[in-house]
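Okay, so here's the structure we're looking at.
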Amino acid sequence: MKKLLALLTTGIMVLSLAACGSGVNEASGNENASGKGTTIRLVNGKIEVDAQLKKLSEMYKKETGVTVEIESMGGGVDIQGTLKGYYQAGNMPDIFVNGGATDFSNWEGLLVDMSDQKWVSDTGAAYVDEKYGTIGFPYTVEAIGLSYNADILKKAGVDPTSITGPDSMKAAFETLDSKKDELGLKAVVGYCAEVSSLYWSTGNHLFSNYLDAGLERDDATYIDMLNDGGKLDKNRLTAFGEMVGLLNQYSDPALLVSGTYDQQILNFASGKYAFVTQGSWIGATMTSTDAEAYKSAGNFEVGMIPYAFEEGIDTILTNSPSWWSVYDGDNKEEAMRFLQWCSEDTAQKVLVEEAGFISPFNSCQYVANDPFAQTIVDYQAANKTSGWHWLEMKEGLAQNYTGQVFGDFAAGNLNVDSFVSTMEKVCQSAYGN
């Protein structure tokens with residue numbers, strides 16, 4: 001981490017106390033400068049749930065008398081830049097969103113360690129810093145796995161729970177491929193390795209399975225190797241590469257090297273693929289932008305299996321896409337009390353059933369109205385989830401290095417062996433630079 005003050009340049013202009021600009025939903029109510037904890041302020045990075053968070057605020061005030069001002073940002077707003085301006089102006093919110101290691105590095109020594117809070121033992125998705133402790137509160141969970149159309153698999157006689165390794169994965173793909181016409185499939189898998197705009201899908205999300213699939217949540221073996229000069233485990237990477245080769249083989253050739261994310265999700269929602277290499281976040285698209293196509297395809301049940309490139313891998317990867325942190329200021333105790341309340345039943349009901357969040361808390365009894373929600377809840381309940389360490393990779397690794405390797409493999413320019421050797425070379429080069 002780097003000190004915040006070192007990151008702030010003299011060119012940053014001091015922002016006014018009220019949030020401004022496109023995409024910022026201003027907090028309601030009056031600013032409270034007393035520092036007595038009767039009013040706290042939360043900067044939220046998901047403007048689409050502004051109304052639900054303000055409902056929570058009203059509920060909390062009725063219950064405790066404490067006002068929680070919600071300031072929601074979105075629509076292209078540079079949230080971290082705005083927060084830095086608030087810091088210079090002495091106008092820091094008590095709770096604010098951070099999206100990963102890069103964001104957290106802006107606030108070294110300025111965030112409260114929440115390790116002693118009750119909610120911490122109820123989740124595996126908190127953001128924990130090696131030096132500063134638990135500095136991120138998870139409010140929702142996303143999952144990375146091989147998503148599938150349960151209706152199509154059932155019609156084909158393929159039991160998703162039988163796919164426990166590379167041999168059974170290949171057998172399932174072969175069965176589905178032989179029945180494409182009767183199932184109405186365009187391809188077995190919707191996989192896209194387009195380099196310029198989907199490098200994040202391959203170089204971050206798919207590659208993250210090499211880093212974490214099948215491991216305990218706190219097992220950092222392979223991310224530690226990677227961050228130690230770009231080192232990779234050749235045997236594990238070879239097994240992973242063989243699975244990627246299988247995805248290449250059974251993917252839609254019209255999509256594989258030049259398709260778009262929108263095409264990939266639309267085709268899956270339309271029932272044209274049995275599997276798709278995207279995570280749980282596509283559920284929101286299937287039920288909104290692609291709702292008509294999804295309805296025409298029968299609003300089929302979905303599920304997710306592990307990327308089992310080695311026999312016995314039985315975990316999907318789950319994590320919070322961003323976290324709420326508590327600023328180490330006068331209102332920190334009141335802010336932590338609010339977050340504890342957010343982890344409990346009353347607030348979870350609103351966050352899950354109305355905001356559509358998939359709860360990261362084991363004690364939560366609610367399930368979001370999202371196609372993938374039940375699947376994630378089931379994996380969490382069974383303790384079959386691994387961590388999400390790709391966020392700790394060198395910045396730009398996927399965009400500038402590994403995404404291109406996946407693209408070259410998909411285009412037929414590499415075989416499994418050269419995929420492995422090229423990945424080794426580019427990772428060493430990336431970390432060498």
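The values are calculated or read from the model by the stated rules, or taken from the named source; none is laboratory data. The structure displayed is predicted, hence computed values, not measured ones. All Cβ positions, glycine included, derive from the backbone under ideal geometry; neighbour counts span all protein chains shown. When the accessible area is computed, the model is the full protein with side chains, heavy atoms only, and any ligands, DNA or RNA have been set aside. Shrake-Rupley method; radii C 1.70, N 1.55, O 1.52, S 1.80 Å.
Of the beta bridges in the chain, as assigned by DSSP with both residues counted there, near 60 percent are antiparallel. Where Lys and Arg each count +1 and Asp and Glu each count -1, what net charge lies around Val257 among other residues with Cβ under 11 Å from its Cβ? The answer is -3. Remark: for residue pairs Lys118/Lys384; Lys131/Lys231; Lys62/Lys84; Lys55/Lys118; Lys186/Lys394; Lys62/Lys131, the C-alpha separation exceeds 28 Å in Lys62/Lys84; Lys186/Lys394; Lys62/Lys131.
What percentage of the solvent-accessible surface of region 92-133, computed with a 1.4 Å probe over protein heavy atoms, is contributed by carbon and sulfur atoms?
Solvent-exposed carbon and sulfur of region 92-133 make up 45 percent of the total.
For Ala284, neighbours were defined as the other residues whose beta-carbon sits under 14 Å from its Cβ, and their charges (Lys and Arg +1, Asp and Glu -1) total -4.
Contact order, relative form, for region 131-202: 19 percent (alpha carbon pairs under 8 Å, 6 or more residues apart, mean separation divided by residue count).
Just so you know, the Rg over Rh for region 51-173 is 1.14, from Cα atoms, with Rh as the Kirkwood radius. For the chain, the mean residue ellipticity at 222 nm estimated from helices alone is -11000 deg cm²/dmol, where every DSSP H run of n ≥ 4 contributes -39500 (n - 2.57) and the total is divided by all residues, rounded to the nearest 500. Considering only Glu48, Glu333, Glu182, the mean-square fluctuation computed in a Gaussian network model of the chain, springs between alpha carbons under 10 angstrom, is largest for Glu182. Out of every Cα-Cα pair that region 249-389 contains, those further apart than 23 angstrom amount to 48 percent. From largest to smallest, the equivalent ellipsoid semi-axes obtained for region 302-367 from the alpha-carbon gyration tensor read 31, 17, 9 Å. Here the convex hull built on the C-alpha positions of region 85-140 has a volume of 96 cubic angstrom per residue.
Exactly which trypsin sites (Lys or Arg not before Pro) in region 347-413 are in a DSSP loop and have at most 11 other Cβ atoms within 10 Å?
none
Extent of region 210-288 along its three principal axes (Cα atoms, max minus min coordinate, largest first): 42, 27, 20 Å. In the chain, Cα pairs under 8 Å separated by at least six residues give a relative contact order of 24 percent. Met393 sits with roughly 20 Å² accessible to a 1.4 Å probe, with DNA, RNA and ligands left out of the calculation. Could you compute the net charge surrounding Phe361? Neighbours are other residues with a C-beta less than 13 Å from the C-beta of Phe361; K and R count +1, D and E count -1. Spelling it out: positives minus negatives among the neighbours equals -1. Taking the C-alpha atoms only, the angle from helix 50-64 to the longest principal axis of the chain is near 50 degrees. Seen against the Cα atoms of the chain and their longest principal axis, helix 234-250 is set at about 70 degrees.
Have a look at Thr102, Leu176, Phe338 and report the one farthest towards the positive end of the charge dipole of the chain, computed about the Cα centre with Cβ charges (Lys/Arg +1, Asp/Glu -1). The Cα lying farthest towards the positive end belongs to Thr102. Angle between the Cα long axis of helix 332-342 and the longest principal axis of the chain, 0 to 90 degrees, nearest 10? Taking the Cα atoms of the chain, the angle to 332-342 is about 40 degrees. Per residue, the solvent-accessible area of region 232-343 (1.4 Å probe, heavy atoms of protein chains only, all protein chains present) comes to 35 Å². Label positions at Lys61 and Val128, each projected 7 Å from the Cα along the C-beta direction, are separated by 3.7 nm. When the P(r) is computed for the chain, the part past 29 Å accounts for 49% of the Cα-Cα pairs.
When the chain is treated as a Gaussian network with alpha carbon springs shorter than 10 Å, the biggest mean-square fluctuation among Ser288, Ser208, Ser343 belongs to Ser288. Short to long, the 10 Å bins of the Cα pair-distance histogram for region 160-267 hold 13, 38, 35, 13, 2 percent of all pairs. Working note: Debye formula, equal point scatterers on the alpha-carbon atoms of region 310-432, no solvent; log10 I(q)/I(0) at q = 0.14, 0.19, 0.20 Å⁻¹ is -0.86, -1.07, -1.11.
The simple spin-label model puts a point 7 Å past each Cα toward its Cβ; for Trp281 and Ser296 those points are separated by 2.6 nm. When only the Cβ of Lys, Arg, Asp and Glu is charged (+1, +1, -1, -1), the dipole of the chain relative to its Cα centre reaches about 460 debye. Put +1 on the Cβ of each Lys and Arg and -1 on the Cβ of each Asp and Glu in the chain; which of Ala381, Pro371, Thr39 then has its Cα farthest toward the positive end of the dipole? Positive-end residue among those listed: Thr39. Region 201-240 gives an Rg/Rh value of 0.93, both radii derived from C-alpha positions and Rh following Kirkwood.
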